[in-house]
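The structure under discussion appears below in the form of structure tokens.
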Amino acid sequence: MKENYPQDMHQPETISWHRKHLLDIDDFSISEYDLVIKTAGVMGGILSRPIKKVPALRGRTIATLFYEPSTRTRSSFELAAKYLSADVVNLAASSSSITKGESLIDTLHTLEAMGVEIIIMRHPLAGACHLAARHAKSSIINAGDGGHAHPTQALLDMYTILKHKPAIAGLNIVILGDSRHSRVARSNIWGLTAMGASVTLCGPRSLLPIGLTPRHPLYSKIKLETDILRALEGADVVMALRMQKERQAAGLIPDIREYVSQFRLTSDRLAVAKPDALVMHPGPVNEDIEISFEVASGSQSLITEQVSNGLAVRMAVLYLISGGSKE
Ligand code: CP
């Protein structure tokens, strides 16, 4: 690793990583964000080589355990582990003994009995990864738990922004859409505000977060806005969110056409943001619902780059969680 590390940055080995699990980023320090982002930079260098494989995690065994569908997160974690030379087993709840009634804790212990040391887990219930971590001997990485947290998505979003902007501090970032049910929004809010961005959540009142009382630690750090043009004016980054239909109670929006007419990110609306504003979306995109095809595929869109950067960030997380190379 050392020879790939830019001279002006701390080397990963010289900054301590103290977490056994990665469950959330709501308690991350600035130096932890810095460490993940800088380590991802090193991993990005490895990914640009003709042969991407390094022996950092040779002999380690990693499992993905997904109780909810995923394309990006599951496959990028699997590839990340393979590029670091770990052995990987993939378990989907729908095709495992979970369908026969096996509990989450039994499933964890079964994987651990086979030598699995890191379990990357997605679950529809908020807090499921915290529960798993309390019972696990292995390290648990949260790959999304209900509407609660998706830490590696936020880390890859921050990494992606920093590939285009010198700093996150001072940026006006608009998170557009269903922030009430979005674990991506919640994790990004913690990360982006910790790094000094101004964050505005925009959407219909029924899809904006509830419980943001003056006593909430984020109360003074985010703005809520129901007028899309007021929210987008002067924005540096616009992050559109997927409509979380699977988590929305019936009747939160009267009609999807009404939502589209008022909140879809279109070229006309994007025009009020800064001319070099970055457009992001965690995926999967509901095409022409939350973002127009033209904007999603336009020159300001980083949607594909976010997916690529997810690989580098997940390699960094696996490397740090596993304690670095034992070579
Ligand atoms: N962004 C995200 O979590 O995508 P997947 O559901 O495809 O993993």
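Structure data summary
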{"quantity": "Residue that is out of contact with any Pro (no Cβ under 9 Å at 6 or more places or on another chain) and either open to solvent by 50 Å² or more (accessible area, probe 1.4 Å) or at pLDDT 95 or above (or both), where the choices are GLU102, GLU68", "calculated": "GLU102"}
{"quantity": "In region 1-36, the residues that are open to solvent by 60 Å² or more (accessible area, probe 1.4 Å), modelled with pLDDT of 90 or more and within 22 Å of LEU84 (Cα to Cα)", "calculated": "HIS18, LYS20"}
{"quantity": "Test set (1) open to solvent by 20 Å² or more (accessible area, probe 1.4 Å); (2) farther than 21 Å from LYS163 by Cβ; (3) within 16 Å of the ligand (Cβ to nearest atom); (4) in contact (Cβ under 8 Å) with a residue 12 or more places away in the chain - SER94 fails condition number", "calculated": "(4)"}
{"quantity": "Count - residues of region 112-149 that are open to solvent by 10 Å² or more (accessible area, probe 1.4 Å), free of Cβ contacts under 8 Å to residues at least 60 places away in the same chain and not in a loop (DSSP other than H, G, I, E, B)", "calculated": "7"}
{"quantity": "Candidate set: region 179-212, residues that are part of a helix (DSSP H, G or I) and charged (D, E, K, R); chosen: the one most open to solvent (accessible area, probe 1.4 Å)", "calculated": "ARG205"}
{"quantity": "Failed item in (1) modelled with pLDDT of 95 or more; (2) farther than 21 Å from THR304 by Cβ, with ASP178 passing the rest", "calculated": "(1)"}
{"quantity": "Residue match in region 44-61 (condition: of a type in the set (S, T, N, Q), closer than 21 Å to LYS137 by Cβ and either in contact with a Lys or Arg (Cβ under 6 Å, 6 or more places away or on another chain) or within 15 Å of the ligand (Cβ to nearest atom) (or both))", "calculated": "no"}
{"quantity": "Answer residue from region 154-167, given it is open to solvent by 10 Å² or more (accessible area, probe 1.4 Å) and part of a helix (DSSP H, G or I) and is nearest to the ligand (Cβ to nearest atom) among those", "calculated": "TYR159"}
{"quantity": "Any pair with Cβ under 7 angstrom, 6 or more apart, that starts in region 278-298 at a residue that is of a type in the set (D, E, K, R) and ends at one that is assigned to a loop (DSSP other than H, G, I, E, B)", "calculated": "GLU290/GLY177; GLU290/LEU241; GLU290/ARG242; GLU290/MET243; GLU290/ARG264"}
{"quantity": "Residues satisfying the stated conditions in region 100-132, i.e. of a type in the set (Gly, Ala, Ser) and over 11 Å from ASP145 (Cβ atoms)", "calculated": "GLY101, SER103, ALA113, GLY115"}
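The values are calculated or read from the model by the stated rules, or taken from the named source; none is laboratory data. Since the structure is predicted, the reported quantities are computational estimates derived from the model, not experimental observations. A quick note on method: Cβ atoms are made from the backbone with ideal geometry, for glycine too, and the neighbour counts reach across all protein chains shown. We work out accessible area using only protein heavy atoms, side chains counted, and drop any ligands, DNA or RNA first. Shrake-Rupley method; radii C 1.70, N 1.55, O 1.52, S 1.80 Å.
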